[in-house]
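Data first, discussion second: the structure below is written as structure tokens.
Computed from the coordinates by the stated procedures, all read-outs in this text should not be read as laboratory data. Quantities reported herein were computed from a predicted structural model and do not represent experimental measurements. Heads up, the Cβs are rebuilt from the backbone with ideal geometry, glycines too, and the neighbour counts pull from every protein chain shown.
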Amino acid sequence: MKILIVDDEPGTRLMVASMVRRLGHAVLEAEDGGDGWHRFQAERPDVVITDWAMPGLDGTELTARVRGIEGGGYTYIMVLSARVDEEASRDAVRAGADDVLAKPPDPAELERGLIAAERLVTMHRRMTSDARRDPMTGAGSRLRLDEDLLALCARVVRYGHAYCVAMIGVQPGGDDAVRRAGAALAHQIRSGDVLYRYGPAQFVVLLPEQGLDTASLAANRLREATEQAVPEGTSVSVGIVTTGSEPEPGPLLAAAEAALAQAATSAAGVVGQGGDRGNAIRLLLADDDPVSRLMLGAILKREPGFDLVGEAEDAAQAIELALRRRPDVVLLDVNMPGGGGARAAVEIREGLPDVKIVAISADDSQGSQYDMMRAGAVGFLAKGSPDEEILRVIRSSARW
């Protein structure tokens, strides 16, 4: 096990570390409670052995902080105290400690405590692993889906990745049909896809880096394979939704349920729905003028067919955001700091050859347009253009 020893007395810390190493465990050391808390966050040890009375962050507060962390494995906490009586032990356990040892600890008592710690940590790992796996089908559990979907939505927001969620329903259900469906789906999904059991007779497959069109093809393949595997008379339906630029797990799953309900009554058996602006044109706006950026951003945000995935105020930020968010169209101010729109256009198109560039400028001279066209722009907007003209240029550029 990985064991963190926290004590402000170097002699005690050295002695306990030596005992723990002789028992075959890896040792981390911290010289006080504050250092111990930082080491715990960075290393996530299996066991914390901490002094109870320390300056600053003492053993009580350190224990409370460790217990306050949600998720992850269980951390066994052993407290070292010069005062070991019924009252002191009760106070330590109430604070979240698992065991209390006299200071300095007796080697045999320390070994006994670590044997108990290893047993409890191992049992918790097994329970956590079981909770993330559906015992009937071997697919990920609803708990694991909730955890993974939360992380997935964060990646969508941060990096602009595209995902689809396919929800598969089997009717009528029953253990045999569900087992067969789970086995068929597990066999058919790609290496990057992930399968979960969502309900008594429902599954979810996360499809990374897919739009609605390609996900629909995958969903049809999954449905056909599952229908061949389940008992005769069992129907299989699939509902698909796409993630938008700022998805949330709850609404995304609710949309998938709605798509599945619609698919169950559809002759095709598969229904796809765009999520939060899932089929919209993804836009990035870069302009160093905050007023211009605010006004143009307001137009883009209220247009149903557009999804503004980011705003930048100079060329460097525009390049960085474009490579992370992967928009369909980038609107670049010609004269913004950091090399201007031309530099940003060249570097963005080097990383994203299919992205479309629209130049925006208060100067509508042919020279400005020519420079941006050489850099890869396919559209040009003069600042102050009517809303209709802005929308027309962006849409035509997206189709270029």
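Using a simple spin-label model with points 7 Å from Cα along the Cα→Cβ vector, what separation in nm is obtained for ALA382 and ALA258?
It is 4.2 nm.
What FRET efficiency would be calculated for the residue pair SER266, ALA102, taking the C-beta separation as r and a Förster radius of 56 Å, to the nearest 0.05?
On the way: r = 71 Å, r/R0 = 1.26.
Efficiency for this residue pair is about 0.20.
How would you rank ARG94, ARG221, going from fewest to most other Cβ atoms within 10 Å of each one's own Cβ?
Numbers: ARG94 10, ARG221 13.
So the ranking, lowest neighbour count to highest, is ARG94, ARG221.
Given an 8 Å cut-off on Cα distances and at least 6 residues of separation, report the relative contact order of the range 2-131 as a percent.
Dividing the mean separation by the residue count of the range 2-131 yields 22 percent.
Using 0.36 nm per residue, how much length does the chain from GLU232 to GLU147 gain when fully extended, once their Cα-Cα distance is taken away?
Difference between extended and current length: 27.1 nm.
Residues of the range 288-314 with the amide nitrogen closer than 18 Å to a label point 7 Å from the Cα of ALA362, along Cα-to-Cβ, please.
Only 288-297, 313-314 fall inside the zone, counting backbone N under 18 Å.
With label points built 7 Å along Cα→Cβ from the Cα atoms of ALA88 and ALA116, find their separation and express it in nm.
Each label point lies 7 Å from its Cα, and together they span 1.7 nm.
Projecting each Cα onto the charge dipole of the range 2-131 (Lys/Arg +1, Asp/Glu -1 at the beta carbon, about the Cα centre), which of LEU120, VAL20, ALA53 comes out farthest on the positive side?
LEU120
Taking K and R as +1 and D and E as -1, what net charge do the other residues with C-beta under 11 Å from the C-beta of ASP387 add up to?
Values: positive: ARG302, ARG392; negative: GLU303, GLU388, GLU389.
That sum, taken over residues with Cβ under 11 Å, equals -1.
Just to confirm a number: summing +1 for Lys and Arg and -1 for Asp and Glu over residues other than VAL194 whose beta-carbon lies under 11 angstrom from that of VAL194, what do you get?
Net of charged neighbours comes to 0.
If you take the charge dipole of the range 142-273 about its Cα centre, with +1 on Lys and Arg Cβ and -1 on Asp and Glu Cβ, which of VAL170, ALA154, PRO249 is farthest toward its positive end?
Towards the positive end, the residue furthest out is ALA154.
For ALA312, which sequence-distant residues (separation of 5 or more, or a different chain) have an amide H within less than 5 Å of its own amide H, given hydrogens modelled in the peptide plane?
Answer set, sorted by chain and number: LEU285, ALA286, ASP287.
Give me the percent relative contact order of the range 142-273, please, defined on Cα pairs under 8 angstrom at least 6 residues apart.
It comes to 33 percent, rounded to a whole number.
So who's got an amide H within less than 5 Å of the one on LEU28, skipping anything under 5 residues away but keeping other chains? H placed 1.01 Å off N, in plane.
ILE3, LEU4, ILE5
Determine the dipole magnitude for the chain: charges of +1 sit on the beta-carbon of Lys and Arg, -1 on that of Asp and Glu, nothing else is charged, the reference point is the Cα centre, and the result goes in debye to the nearest 20.
1300
Mean separation of Cα pairs under 8 Å and 6+ residues apart, divided by the residue count of the chain: what relative contact order is that in percent? Kindly include the intermediate steps, with their values, before the conclusion.
Details: 759 pairs, mean separation 36.0, N = 400.
Here the relative contact order equals 9 percent.
Full-extension gain between ARG22 and ASP130, please, as 0.36 nm times their residue separation minus the C-alpha to C-alpha distance.
35.6 nm
Which GluC sites (Glu not before Pro) in the range 38-109 pass both tests, a DSSP loop state and at most 14 other beta-carbon atoms within 10 Å? Show your work: numbers first, answer last.
On the way: sites: GLU43, GLU61, GLU70, GLU86, GLU87, GLU109; in loops: GLU70.
When the GluC sites (Glu not before Pro) of the range 38-109 are filtered for loop state and at most 14 Cβ neighbours within 10 Å, GLU70 remain.
Give the label of the value calculated from the structure for volume of the Cα convex hull per residue in Å³, choosing from (1) 229; (2) 185; (3) 197.
Recomputing volume of the Cα convex hull per residue in Å³ here picks out (3).
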